[in-house]
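Accompanying notes for the structure given below.
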Amino acid sequence: MSTTSLPLSLVVNVQLNVPPLAPTRRNFGMLMLLTPEVAPFNEQSTMYLLYSTLDAIGADFGMQSQTYSAASPFFAQTPRPPSLAVGRWDATATTVPAQAARLWGRPVTATVADFNAVGANGQFSLNINGVAHAYTGINLSAALSYTDIATTIDATITTDGVSCSYDGAGTRFEITSKTAGSSIQLGFASGSGTGYIGAMLGLDNVAPTYTTPGTDSQTKPAQTIPEAIAAVSGSYNDWWVTVVCQSPLADADIEATADYVMSADKRMFGVTSSDPNQITQNPTNIFKTLYDDQAYRVVAQYDKSDPYAIVSFLARALAVNFGGSDTTITMKFKTEPTITPEPLTQTEASQCKALGMNYYSYYDTVPMVAEGTVIGGRFFDEVHILDWFCDAAQKNVFAILYQSTTKVPMTDAGTHRLMAGIEQACKQGVTNGSFAPGIWNGDPFGNLQTGDLLDQGWYIYAPSVDTLSPSDRQNRKAPPIQVALKLAGAIHEVDVIVNFDR
């Protein structure tokens, strides 16, 4: 005997709120090599490739290529990030050949016997340039294979400028225009009734059957380096610093790339110089120009023999895991495997330091990087840390707004929820060694005065929502949140005073 029951939801109704995923943080450990060697980019739409081994780059680009030379210092460094990206730069005008239109069938499930059973009554229509072309009386009774079926159909449709073939690897039929270009465009097969074989062929409008358009030949103009970076970023945005696989770079290219990264969102440009004139204070020196422009998003290394020495520098710098404990580093004192230390004079070292250019040389008998800076003299690790923190704080605050199942109210309590997201990034900065307690020497704000001790290494302040203007309240704009950070820094020099007594 059956029974009828009422659902428990009439008494206890339980619903699951599934929060959306938080936005992914930027990868501040990814190097992108921008290369004019586009041979491995076998499709025009392929803008980047990812590599985890030097052998894979050698196989794609060749062991004598600039790309291989640039990547070698990266894979020789330890520790280093697990992979790097290679971005496409069409440095010269390229001609894209015309492409034929194609109708790609889905994997065939009908057997040859099923086609034989249709006999001489096979029929279907094919959309060519928007017009349905009907084909009837297709005799498949004697076909012994899918290739035989394709041959029979090909003979039937050939007068309309298209052909049929069977792809054994993909187990599917394909229709292709005989003439490359846009003059012929293909749609799907259609039809019904006795003898209809469009569905059996897998060529009707049912996924995963699809079409690709016929396109005319076109010439793409040469790209500038900034244009190439922007094009790659449109497809792959998860990189922080780029190095161009061309040596030497022209001054105009260095300046244009520097201008681009300075205006972009958290990007860096790495470059190696081997020209002694580029460490001078001569106003015609491009690095003096960048110094005057305070182009701190350019990190450069002076090396007379290795055109890609900066890649070794960056491989070591980008190995930092900001999610760990005491993981941040200074780049001074680091080594560069496979890079020959430069026998610099003290004058040359001083010239490099004056511009903020790095070098790899012997100190006594020990090879090491100095000074670990960017152009202008700021320390590289400070730029790296602050880019990471700004991204982390931004993503944390956005996640609070985005993932809330109700709303973040326009109240002081709501503001404190946003501040908690920033606080989480601050705490992680203390954990990874970026920030530390110390005296605040900046301008006062909130309850923080110049000379106060930041006993946590950070301070966050936001005024009450009661101070908001009517327009800000109407636009639901939260009070401004201000953050003070005390960078932990790093010891680079030591004075030791020795006293003795007789």
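Brief remarks follow.
- Lys477 accessible area, assembled protein chains, probe 1.4 Å, Å²: 120
- Cut-off under 5 Å, modelled amide H: who pairs with Ser361 long-range: Glu342, Met368, Ala370
- Between 0 and 90°, nearest 10: helix 225-235 axis offset from the chain longest Cα axis: 60
- Cα long-axis angle, helix 412-431 against the chain (0 to 90 degrees, to the nearest 10): 80
- Amide N proximity, segment 182-219 versus Asp154 label position 7 Å along Cα-to-Cβ, cut-off under 16 Å: none
- In a simple Cβ point-charge model (Lys, Arg +1; Asp, Glu -1; nothing else charged), the chain has a dipole of about 1220 debye relative to its Cα centre.
- Paramagnetic reach from Val366 (point 7 Å along Cα→Cβ, amide N under 12 Å) across segment 334-351: 334-335
- Extending 7 Å from Cα along the Cβ direction at Leu21 and again at Ser464 yields two label points whose distance is 4.2 nm.
- Counted residue by residue at 0.36 nm each, then reduced by the alpha carbon distance between them, the extension gain from Tyr210 to Thr171 reaches 12.6 nm.
- By definition, a body whose alpha carbon gyration tensor gives a ≥ b ≥ c is oblate when a/c is 1.5 or more and a/b is not larger than b/c, and segment 255-320 fits this oblate description.
- Between Val11 and Gln424, the C-beta separation translates, for a Förster distance of 45 Å, into a calculated FRET efficiency of about 0.70.
- Pairwise FRET efficiency - Ala120 versus Tyr236, Cβ, R0 = 41 Å, nearest 0.05: 0.15
- Label-to-label distance, Asp265 versus Thr4, with points set 7 angstrom from Cα along the beta-carbon direction: 5.8 nm.
- Between Thr92 and Leu144, the contour length at 0.36 nm per residue exceeds the alpha carbon distance by 13.7 nm.
- A simple spin-label model places the labels of Leu401 and Ala250 4.3 nm from each other, with each point 7 Å out along Cα-to-Cβ.
- Counting only alpha carbon atoms, the long axis of helix 380-403 and the longest principal axis of the chain meet at about 50°.
- Computed FRET value (nearest 0.05) for Leu453 with Ser83, which takes r as the C-beta separation and R₀ as 45 Å: 0.60
- Neighbours of Gln281 by Cβ distance under 15 Å: Lys/Arg scored +1, Asp/Glu scored -1, total -2.
- Shape class for segment 290-364, computed from the alpha carbon gyration tensor (a ≥ b ≥ c): oblate, with a/c not under 1.5 and a/b at or below b/c.
- Once the chain from Thr284 to Thr338 is taken as fully extended at 0.36 nm per residue, the excess over their C-alpha distance is 16.2 nm.
- Lys220, Lys178, Lys407, ranked by accessible area, largest first (probe 1.4 Å): Lys407, Lys178, Lys220
- Prolate/oblate/rounded call for segment 267-401, Cα gyration tensor, a/c under 1.5 rounded: oblate
- Relative contact order for segment 412-480, counting Cα pairs under 8 Å that sit 6 or more residues apart, in percent: 27
- Heavy-atom accessible area with a 1.4 Å probe sorts Met419, Met357, largest first, into Met419, Met357.
- Order of exposure, largest accessible area first, which applies to Tyr196, Tyr308 with probe 1.4 Å: Tyr196, Tyr308
- Residue-averaged [θ]222 nm for the chain, counting only DSSP H segments that reach four residues, each worth -39500 (n - 2.57): -8500 deg cm²/dmol
- Size of the chain from its Cα atoms: along the principal axes, largest to smallest, the extents are 116, 73, 47 Å.
- Accessible area expressed per residue, the chain, with surrounding protein chains retained (probe 1.4 Å, Å²): 50
- Asp292 accessible area, assembled protein chains, probe 1.4 Å, Å²: 90
The values are calculated or read from the model by the stated rules, or taken from the named source; none is laboratory data. Here the structure is a predicted model, which is why all the values come from computation and not from measurement. Glycine also receives a Cβ, built like all others from the backbone with ideal geometry; neighbour counts cover every protein chain displayed. Quick note on the areas: whole protein, heavy atoms, side chains included, nothing else; ligands and nucleic acids left out. Shrake-Rupley method; radii C 1.70, N 1.55, O 1.52, S 1.80 Å.
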